[in-house]
Structure formats: structure tokens, C-alpha cells
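Below is one structure, written out as C-alpha cells, with a few remarks after it.
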Amino acid sequence: MTTSVLAAPPAPATATPGLKSLWLDILKNIEPKLQRSQFITWFKDTMALGLEEGTLVIGLPLPMYLNWHMEHYRTMTVESARAVDERVRHIIYKVDVGLKDNPDRTFDLLECFPEQRRRKLPGKQEVKLAEGLISKILTPRYMLENFVVGSNNRLAHAACSAVAMQPGGKYNPLFLYGGVGLGKTHLLQATGNAILKQSPKATVVYTTTEDFTNQVIEAMLHQKMDQLRNRYRRVDVLIIDDVQFLANKERTQEEFFHTFNALYEERKQIIISADRPPKELQLEDRLISRFERGMIADVSSPDYETRLAILTEKAQEYEIFMDKNVLQFIAEHVTKNVRELEGTLMQAVAQFELEQRMPTVKSIADIMRKLNKDPHEEEEVIGFAMDAKRQPTFQEVLEAVSRYYSVSVQDMIGASRVREILIPRQIVMYLGKKHLRLSYVRLGELFSNRDHTTVMNACKKIDTNLQNDALLLREMRAIEQELKMA
Ligand code: ADP
Ligand code: MG
């Protein structure tokens with residue numbers, strides 16, 4: 001049997017096919033990083049137009065895409081392009097109106113990226129309600145019942161519970177504010193969940209300000225503003241998260257203002273969150289005064305007991321057993337933000353699953369060191385609890401430090417001057433002085449007959465460094481905990 005081979009046609013002189021497939025690869029890299037609606041809206045009718053000396057020229061179909069891409073997608077696009085083709089070092093944008101609605105030159109994103117391919121990210125899924133309304137799916141895990149109440153969030157929780165009992169009642173709108181990771185989204189979604197539980201037929205829309213903005217922009221682009229307005233006016237409960245992001249978005253603010261009024265007039269419940277109180281938002285005055293009409297409640301950082309209660313609750317939720325000392329240690333050290341608190345716990349769980357060993361205070365301290373969170377936070381918070389509950393022996397201190405830094409006891413008390421030994425040795429001296437109340441002279445003797453001034457300088461140095469070296473402070477704290485000296 002013979003095979004006839006047809007000669008391939010000569011490659012076209014232009015680089016277009018190569019660029020097209022390069023762009024498709026880059027789009028494939030970008031797509032999972034964005035919400036689908038954003039991806040389709042902003043990457044439709046785009047194309048790579050050239051690649052020269054490391055600079056990739058990206059064509060955009062309309063001038064209005066330019067700012068948006070520069071502001072929102074530039075970094076991500078460069079990263080994706082570099083990941084796909086290492087020749088790319090920079091990108092520049094070029095508006096090319098010939099790309100608009102030109103299927104010969106661009107990809108049909110809906111076809112190239114069919115919906116079912118979408119990677120489902122938790123908390124990001126959307127649900128289509130009646131009449132084209134879109135809401136994020138409420139995370140069932142966020143409930144009013146599993147929200148730990150402390151003095152930092154009591155009012156907010158009570159207000160949410162009241163709204164859940166009687167939407168559109170006294171507390172309308174309900175405005176929650178507070179810093180990141182303190183439970184606003186949890187409370188907002190929990191309230192939505194509770195309302196739906198009672199009235200499964202209610203139209204509850206939960207949206208982020210970012211999504212709402214995208215919907216407004218999309219409607220503007222396709223001249224479908226009226227449709228969008230009508231849709232939102234059919235909502236029973238509108239929950240909108242992080243309205244601080246409405247700043248500088250005049251058109252979206254305007255739409256939101258009208259939607260707000262329409263719903264408010266009909267006594268529909270509106271629940272809003274932001275990172276600061278209404279007065280401090282950089283929004284139109286008329287919006288701010290609307291926000292101030294109802295109930296305003298803040299969430300702030302939880303105190304130690306609440307942090308511990310939250311950790312205990314989360315540990316139960318995730319069905320993980322963790323030693324009380326470990327939970328206490330986390331609660332003591334991660335203080336500002338519940339998300340971080342939860343994150344540290346999850347790291348501990350991951351470590352347990354990987355290594356099949358129970359987290360200890362030391363392993364948690366290691367995790368925190370790796371996460372190396374905001375050092376200022378630790379500095380303020382860790383502080384020293386001076387009172388020794390039990391006096392460990394000098395030998396125990398030596399061994400604990402030796403274990404912690406993986407250096408030998410012999411090296412520490414010996415003559416070595418290498419850096420890795422120096423700090424652990426100084427730490428033992430410091431602990432010996434502080435907790436065991438040994439004199440500088442005695443400590444000098446214990447360290448191969450060193451001069452007492454050496455010990456004194458070491459202790460001073462550690463003392464000074466502890467003032468501004470958060471990492472050292474945390475390590476010291478971990479060692480003290482391990483020795484039950486803290
Ligand atoms: P925010 O929206 O204020 O940035 P989130 O609501 O996303 O914060 O909270 C971050 C995480 O912390 C969530 O997993 C949430 O469940 C949890 N969380 C915050 N506060 C509490 C609390 N009081 N009880 C239980 N979990 C909480
Ligand atoms: Mg949030």
C-alpha cells in the first residue's frame with residue numbers, strides 16, 4: 001500500500017497564525033483566573049498583533065477597553081503571556097477597531113471556552129434566578145448559627161438575625177462595616193441563607209460591588225440598561241458586598257442609587273457591607289445619606305476569648321482534633337483578622353495530613369514563621385508574660401533551643417563563632433538570665449568560661465532585637481511556650 005503525500009503549502013509570509021495560536025494559549029492561561037463574565041466581556045475581540053524584541057502588542061477593539069485593561073488586567077496578562085511564551089517580556093496595547101465583531105481576526109470566546117469547562121471556584125459560582133437575574137451562590141457554610149459572637153460583632157450579628165426574621169422591617173438598609181477578614185461576608189451570606197430558609201421562594205440576590213459594576217458596564221456596552229434596571233427591581237432582598245469599591249464609578253453609583261431607591265420604596269430589604277462607615281466612604285452624598293437611614297453596625301477585631309472560640313468552632317466544623325495548647329497559641333498570636341486565624345489553622349491541618357503528625361506549639365510557630373505575617377502585628381501583640389509558671393533547668397533550656405534551631409548543645413556552649421550558632425547561644429543566655437535568674441558571671445562559666453561582659457552584651461543585644469524583630473520575637477515566644485515559661 002502506498003501513501004501519497006501532498007506537499008504542504010508554503011507557510012504564509014505573515015506571522016498571523018502563530019500569533020493567533022499564541023494568543024489563544026495566553027487566553028487559556030487567563031481564563032481560569034477570571035470570572036467568566038469578566039473574561040468574556042473584556043477579552044472578546046482581542047488579539048495578539050505582533051511580537052517583536054520581547055514586546056507583545058495586544059489589540060483591543062475599542063478605546064474604552066484600554067483603561068480597563070491597563071488598570072485591571074495588565075499585570076495578569078503579562079504574567080500569563082510570559083508563562084506561555086518565554087520570549088515575551090513586555091506587553092503594549094493598541095486599539096484596533098477592525099477587531100470589533102470580526103470573527104476572521106478574533107476568537108469566538110463562547111465557543112472556544114464553553115461554560116462547562118469553567119473551573120468551579122468555591123464561593124465564585126453564580127446562580128441564575130428568574131428573569132436573567134444573577135446572584136452568587138450563597139455559601140451554605142456561612143450561617144448565623146456558626147458565627148461566633150463576641151463583643152466585637154454582637155450588634156452586627158443581632159442586626160442580621162433581626163433582618164433574617166423580618167426582612168424589610170426596621171433595619172433597612174442594614175449597613176455593616178469593618179476591616180478585612182472580620183466576618184462581614186460571612187454575616188451577609190448567612191443572613192441571605194437564613195431568609196431563604198424561611199422563605200424559599202424569595203428572590204435573594206447576593207452580589208459583590210465588582211460584579212455589580214461589571215453588570216452595569218456590560219449593560220451599557222450592549223445598550224441593555226433598562227433590562228438590568230428592571231431585573232434588579234424584582235429582587236426581594238439585595239445584598240451587596242464591599243461597596244467601598246463603588247468609589248470613582250459614577251455611573252455604577254448612579255445605577256445603584258436608583259435601584260436602592262426603588263427597592264427601598266417597596267420595603268425590600270437591602271444589606272450592604274463596606275470597609276468603613278458610610279460617612280467615610282468616597283461616594284456621592286446622596287448615597288451616603290441613604291446608607292445612614294437604617295441600621296449601621298460595625299465588626300472589629302475579636303478579643304482573645306472570641307478568637308479561641310472561633311478556632312474551636314472551625315476545628316469542629318472541619319472535624320479536626322487539635323490540642324488545646326495549640327489552639328490557644330494560635331489565638332494568642334494571630335490577632336487582627338479571623339481569616340488569618342482560620343488560615344493558620346488550615347495550614348496546621350494540611351501539615352497534619354501530609355506528615356501524619358499532630359501539630360504542636362512548635363510546628364505552629366514554624367508555620368507562622370513561614371507565613372511570616374505582618375511583623376508589626378506580631379510586635380504589638382506578642383509581648384512577654386514574664387511570670388514563670390515552672391522553672392525549667394538550664395539543661396532543658398539548652399535542649400529546647402538546640403531542638404528549635406537544629407544546632408547541637410555542644411556547639412552552643414563551645415567556642416564556635418559561626419552565625420548559625422551565635423543567635424541560639426545568645427538566646428540561651430538571654431533565657432538563662434531572664435527566667436532562670438542566673439548571673440552574668442555564672443552564665444559565662446556555663447558557656448566554656450566566657451567573660452561576663454560577653455554574656456551581658458549578648459543579653460542586651462537580644463533584648464534590643466526583640467523590640468523590632470518580629471520573627472525573633474515569635475521564635476522566642478515559641479521556645480518559651482515549649483518550655484512552659486511564657
Ligand atoms: P470579611 O468579609 O469581613 O473580609 P469574611 O466574612 O470573609 O470577612 O471572614 C473571613 C473568614 O473568617 C470566613 O471564613 C468567616 O467564616 C470567618 N469568620 C469571621 N468572623 C467569624 C466569627 N465571628 N465566627 C466564625 N467565623 C468567622
Ligand atoms: Mg468580604
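Observations, loosely collected:
- Amide H contacts under 5 Å for residue 298, placed H, 5+ residues apart: 156, 177
- Pairwise Cα inverse-distance average, inverted: Kirkwood Rh of the stretch 217-263 (Å): 11.4 Å
- Compactness of the stretch 394-482 as Cα Rg over 2.2 N^0.38 Å, two decimals: 0.97
- In degrees, nearest ten, helix 304-317 long axis to first principal axis of the chain (Cα): 60 degrees
- Ascending count of other beta-carbon atoms within 10 Å, so fewest first, for 288, 270: 288, 270
- Distance from the stretch 182-208 to the stretch 455-486 (C-alpha centre basis), Å: 46 Å
- 16 Å Cα-Cα reach of residue 324 towards aspartates and glutamates, excluding residues that sit fewer than 8 places from it in its own chain: 305, 313, 332, 342, 482
- Placing +1 on the Cβ of every Lys and Arg and -1 on the Cβ of every Asp and Glu, with nothing else charged, gives the stretch 17-112 a dipole about its Cα centre of roughly 180 debye.
- Listed by chain and number, the lysines whose alpha-carbon sits under 17 Å from that of residue 434, ignoring those within fewer than 8 places in the same chain, are 389, 460, 461, 484.
- Farthest positive-ward along the chain dipole, Cα basis, beta-carbon charges - from 464, 114, 207: 464
- Principal-axis tilt of helix 209-221 within the chain, Cα atoms, nearest 10 degrees: 20 degrees
- Placing unit charges on each Cβ (+1 for Lys and Arg, -1 for Asp and Glu) gives the chain a dipole about its Cα centre, and among 439, 365, 410 the Cα reaching farthest toward its positive end belongs to 439.
- Acute angle (nearest 10 degrees) that the helix 419-434 long axis makes with the longest principal axis of the chain, alpha-carbon atoms: 60 degrees
- Cross-link table 170/279; 94/224; 170/197; 184/279; 268/314, entries beyond 23 Å C-alpha to C-alpha: 94/224; 268/314
- For the stretch 136-268, the extents of the C-alpha atoms along the principal axes are 46, 31, 25 Å, listed from largest to smallest.
- Cβ-derived FRET efficiency at R0 30 Å, residue 408 paired with residue 441, nearest 0.05: 0.75
- Summarising the amide proton neighbourhood of residue 58: residues at separation of 5 or more, or on other chains, whose placed amide H is nearer than 5 Å comprise 49, 92, 93, 94.
- The chain: projected area of the alpha-carbon convex hull, averaged over directions, in nm²: 34.7 nm²
- Long-range Cα-Cα pairs in the stretch 17-112 (distance over 18 Å), rounded percent: 38 percent
- Positive-end residue, the chain charge dipole about Cα centroid, Cβ charges, pick of 394, 262, 60: 394
- Residue-wise HN-Hα couplings along the stretch 400-411, as the Karplus relation 6.51 cos²θ - 1.76 cosθ + 1.60 with θ = phi - 60° gives them from phi, are 5, 5, 4, 5, 4, 9, 6, 10, 7, 4, 4, 4 Hz; Gly and Pro carry x.
- Dividing the helix sum by the residues of the chain, where each DSSP H run of 4 or more adds -39500 (n - 2.57), gives a mean residue ellipticity at 222 nm of -15500 deg cm²/dmol.
- Couplings for the stretch 79-86, taken from phi via the Karplus curve 6.51 cos²θ - 1.76 cosθ + 1.60 with θ = phi - 60°, read 4, 5, 4, 5, 5, 7, 9, 6 Hz in order; Gly and Pro are left as x.
- Dipole magnitude (debye, nearest 20) for the chain, charges at Cβ of Lys, Arg, Asp, Glu: 520 debye
- Charge dipole magnitude, Cβ of K and R +1, D and E -1 - the stretch 243-316, Cα centre, debye nearest 20: 120 debye
The numbers here are math on the coordinates, done by the rules we state, and not lab data. Predicted, not measured: the structure shown is a model, and the values here were computed from it. With ideal geometry, Cβ positions are generated from the backbone for all residues, glycine too; neighbour counts draw on all protein chains shown.
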